[in-house]
Structure formats: structure tokens, C-alpha cells
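A.B. asks: Have a look at this one.
The values are calculated or read from the model by the stated rules, or taken from the named source; none is laboratory data. Remember, predicted model here, so these are calculated numbers, not experimental data. Here the Cβ positions follow ideal geometry from the backbone for every residue, glycine too, while neighbour counts run over all protein chains shown.
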């Protein structure tokens with residue numbers, strides 16, 4: 001004879017019309033909805049906001065604790081990147097401008113500092129302003145004439161200039177002359193960083 005397992009239902013004998021106690025509706029557990037607590041008021045919008053602020057503050061305080069390895073990588077991915085600074089606003093922009101064979105007292109070596117302005121350049125403020133206006137992301141104000149550019153065959157004189165230093169966080173080593181129409185236009189576009197040699 002098999003023993004019945006605890007909690008197992010036993011099949012009623014054939015022909016018996018007596019229902020089992022376990023199947024009686026009164027024997028089944030019933031779920032009762034929670035009753036509101038009359039002594040505890042319903043949360044107001046102010047209390048909800050206070051709770052949100054408290055959890056945000058607790059989360060911010062938790063960032064000061066040491067994090068598990070790999071947590072910083074996940075955090076770095078989820079944070080937005082800071083805005084890029086203006087290219088003309090880099091600290092310590094300083095250039096050395098050397099001009100030769102320009103004549104008229106324009107020859108010499110001059111220091112030009114911008115952001116803040118200073119140096120021995122004859123027109124610091126205007127020169128810094130000119131460079132600021134010519135500096136945009138993706139362009140180099142000191143770039144040479146592109147290879148393959150068709151230039152007029154004209155000669156603007158023997159003047160040369162060499163500009164070195166740092167501008168907008170980039171190293172500068174640029175040479176200028178007035179050997180053809182493209183180089184003359186490039187020089188003139190850098191006035192007053194370079195002396196104005198237009199007639």
C-alpha cells in the first residue's frame with residue numbers, strides 16, 4: 001500500500017459525491033487588498049520631490065567612494081563630452097614673426113602674444129584680432145598655398161617672413177614670400193601679422 005505524500009490530493013472513491021475539503025472554496029486562501037492607514041497621510045507632490053532630491057544627493061555622495069574596476073569605463077561612456085573650447089581662445093598663444101627684405105623699417109624679429117595680448121610686435125591688438133578672425137575649426141590660418149593651385153605670374157618683391165610658435169594649441173612653422181599671385185594674396189591676408197607691403 002502506497003503512502004500519500006503530504007499536500008498531495010487523494011482521488012475520491014468512485015461513486016462518492018462528497019467533495020474534498022481541499023477543493024472547498026472556503027478552504028482556499030483569499031487575497032485581501034491592503035487597507036489604507038488612516039494615521040499615515042497620502043504622499044504629496046512635495047514629499048515625492050523631496051524623496052527624489054534625497055536619492056539624487058545620496059547617489060552623488062556615493063560617487064565619492066572608491067568604485068569597482070571597470071565602473072569608470074561604463075561611467076565615461078554614459079557622460080556627454082564637454083563642449084570644445086574656441087580654437088582662438090587657447091591660453092598662451094605666442095608667435096615669433098621674422099621679416100626680411102621688406103624695407104621701410106618693417107624688417108626684424110617680433111614676439112606676438114595673444115590671450116592675453118603682449119609682445120614686441122608693432123600692432124599686437126590688430127594682429128591678434130586678425131588671427132582670431134582667421135581661426136576656425138578645421139582650417140589652418142598659416143596653411144601654405146595648395147599644391148596644384150593656378151597662380152598669376154607676378155612678383156611682389158623679395159620680402160620673406162617666417163612665423164613660428166604656438167597658435168590655438170597647434171605648433172606653427174610657416175614661411176611666406178611674395179613670389180607669385182597666390183603667395184602675395186596669402187601674405188596680404190595675414191596683414192597686420194605681417195607688414196602691409198601693398199602699394
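A.B. asks: Pick out the one residue from 140, 132, 180 that is without any contact (Cβ under 8 Å) to a residue 60 or more places away in the chain, surrounded by 13 or more Cβ atoms within 10 Å (Cβ to Cβ) and farther than 22 Å from residue 93 by Cβ.
C.D. replies: 180
A.B. asks: Kindly provide the set of residues from the stretch 150-170 that are under 23 Å from residue 139 (Cα atoms), out of contact with any strand residue (DSSP E or B) (no Cβ under 8 Å at 6 or more places or on another chain) and either free of Cβ contacts under 8 Å to residues at least 60 places away in the same chain or not in a loop (DSSP other than H, G, I, E, B) (or both), ordered by number.
C.D. replies: Of everything in the stretch 150-170, those that are under 23 Å from residue 139 (Cα atoms), out of contact with any strand residue (DSSP E or B) (no Cβ under 8 Å at 6 or more places or on another chain) and either free of Cβ contacts under 8 Å to residues at least 60 places away in the same chain or not in a loop (DSSP other than H, G, I, E, B) (or both) turn out to be 150, 151, 170.
A.B. asks: What's the number of the condition residue 126 fails, among (1) at pLDDT 95 or above; (2) surrounded by fewer than 14 Cβ atoms within 10 Å (Cβ to Cβ); (3) in contact with a helix residue (DSSP H, G or I) (Cβ under 7 Å, 6 or more places away or on another chain)?
C.D. replies: (3)
A.B. asks: Another one. In the stretch 160-170, which residues are surrounded by fewer than 20 Cβ atoms within 10 Å (Cβ to Cβ) and modelled with pLDDT of 95 or more?
C.D. replies: Residues satisfying the conditions are 160, 162, 164, 165, 166.
A.B. asks: Of the residues that make up the stretch 97-118, is at least one touching a helix residue (DSSP H, G or I) at 6+ places or on another chain (Cβ under 7 Å), part of a loop (DSSP other than H, G, I, E, B) and free of Cβ contacts under 8 Å to residues at least 40 places away in the same chain?
C.D. replies: Yes, the stretch 97-118 contains at least one residue that is touching a helix residue (DSSP H, G or I) at 6+ places or on another chain (Cβ under 7 Å), part of a loop (DSSP other than H, G, I, E, B) and free of Cβ contacts under 8 Å to residues at least 40 places away in the same chain.
A.B. asks: On to the next question. Filter the stretch 164-193 down to the residues that are within 18 Å of residue 110 (Cα to Cα) and more than 36 Å from the chain's Cα centre (by Cα) and list them by number.
C.D. replies: 177
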